[in-house]
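One structure is given here, and the rest of the page talks about it.
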Amino acid sequence: MGNKQEELEAIVQQESYDVVAITEMWWDDSHDWSAALDGYKLFRRDRQGRKAGGVALYVRECYECQELNDGDNRVESLWVRIRGRVNKADIMVGACYRLLNQDVEVDEIFYKQLGEISKSLALALVGDFKPPVISWEHNTAEREQSRRFLECVGDNFLIQLVREPNPAGPALCKQRRTCGGCDSWRPSWAQ
């Protein structure tokens, strides 16, 4: 993401986002100096043992938050619990990157993580999941791995907010509300 840093900073400052998720960031320890954004806490999970990949979350500094780590580096996911404001519930924000040819075993580890996290908290999940050939309109899939992904989405009461291919990846949310698009979506705890 190195050459996109200035563009990211400009967009984040202009739009005043509370949370920003990044997948396929390609960071490693050499990028520590350039990864910070003024006014944001950075949480990141670099891909282990391979080049590229990785996920990151920037959360506005005014929010009290805590990273949750399950210790399993096979899944490229990052989970941050954000404390709700007065009379607002906490929310879990997750970022995930799924390899195109990811093993079924790694998918199942992710589904288990998601199931545990979604039991107790409001949840916003963003990422690049790469499920092959899913019809979100009809909630159907041709391949077994994609059907299992749809099953996990349903089991955890998530809804798809992005209805068309999106270079930023699909956004899934447990909040039952309609929005005009994920670029401007703000959860109830942030309002």
In segment 64-108, the residues that are assigned to a loop (DSSP other than H, G, I, E, B), over 29 Å from S146 (Cβ atoms) and either hydrophobic (A, V, I, L, M, F, W, C) or at pLDDT below 85 (or both): G84, R85, V86, N87, K88, A89
For segment 52-98, how many residues meet the condition of being farther than 24 Å from Y111 by Cβ and small (G, A, S)? 1
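Just name the residue that is most open to solvent (accessible area, probe 1.4 Å) out of those in segment 138-150 that are in a helix (DSSP H, G or I) and in contact with a helix residue (DSSP H, G or I) (Cβ under 9 Å, 6 or more places away or on another chain). Working first, answer last.
Step one: of segment 138-150, the residues in a helix (DSSP H, G or I) are 144-150.
Those left that are additionally in contact with a helix residue (DSSP H, G or I) (Cβ under 9 Å, 6 or more places away or on another chain): 144-145, 148-149.
Values: E144: 118, Q145: 62, R148: 61, F149: 12 Å².
Filtering segment 138-150 for residues that are in a helix (DSSP H, G or I) and in contact with a helix residue (DSSP H, G or I) (Cβ under 9 Å, 6 or more places away or on another chain), the one most open to solvent (accessible area, probe 1.4 Å) comes out as E144.
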Is it true that some residue in segment 156-173 is assigned to a helix (DSSP H, G or I), more than 25 Å from M25 (Cα to Cα) and modelled with pLDDT of 70 or more? no
Taking segment 29-63 as the search range and keeping residues that are at pLDDT below 85 and hydroxyl-bearing (S, T, Y), which one is surrounded by the fewest Cβ atoms within 10 Å (Cβ to Cβ)? S30
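Of the residues V106, V133, which single one is out of contact with any strand residue (DSSP E or B) (no Cβ under 7 Å at 6 or more places or on another chain) and closer than 25 Å to M25 by Cα? Walk me through it before giving the result.
Values: V133 fails: out of contact with any strand residue (DSSP E or B) (no Cβ under 7 Å at 6 or more places or on another chain).
Sole residue among the options that is out of contact with any strand residue (DSSP E or B) (no Cβ under 7 Å at 6 or more places or on another chain) and closer than 25 Å to M25 by Cα: V106.
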Name the pairs whose Cβ atoms lie under 8 Å apart, with the first residue in segment 92-116 and closer than 30 Å to Y63 by Cβ and of a type in the set (F, W, Y), the second open to solvent by 20 Å² or more (accessible area, probe 1.4 Å) and in a helix (DSSP H, G or I), and 6 or more positions between them or separate chains? Y111/R148
Flagged in segment 113-137 as part of a loop (DSSP other than H, G, I, E, B) and of a type in the set (D, E), in numbering order, are E137
Restricting segment 125-154 to residues that are at pLDDT 85 or above and in contact with a Phe, Trp or Tyr (Cβ under 8 Å, 6 or more places away or on another chain), which is farthest from A21 (Cα to Cα)? A141
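The values are calculated or read from the model by the stated rules, or taken from the named source; none is laboratory data. The model shown is predicted, which means the values in this text are computed figures rather than measured ones. Cβ sites come from the backbone with ideal geometry, for glycine too, and all protein chains shown count toward neighbours. Surface accessibility is based on the protein's heavy atoms, side chains included, excluding ligands, DNA and RNA. Shrake-Rupley method; radii C 1.70, N 1.55, O 1.52, S 1.80 Å.
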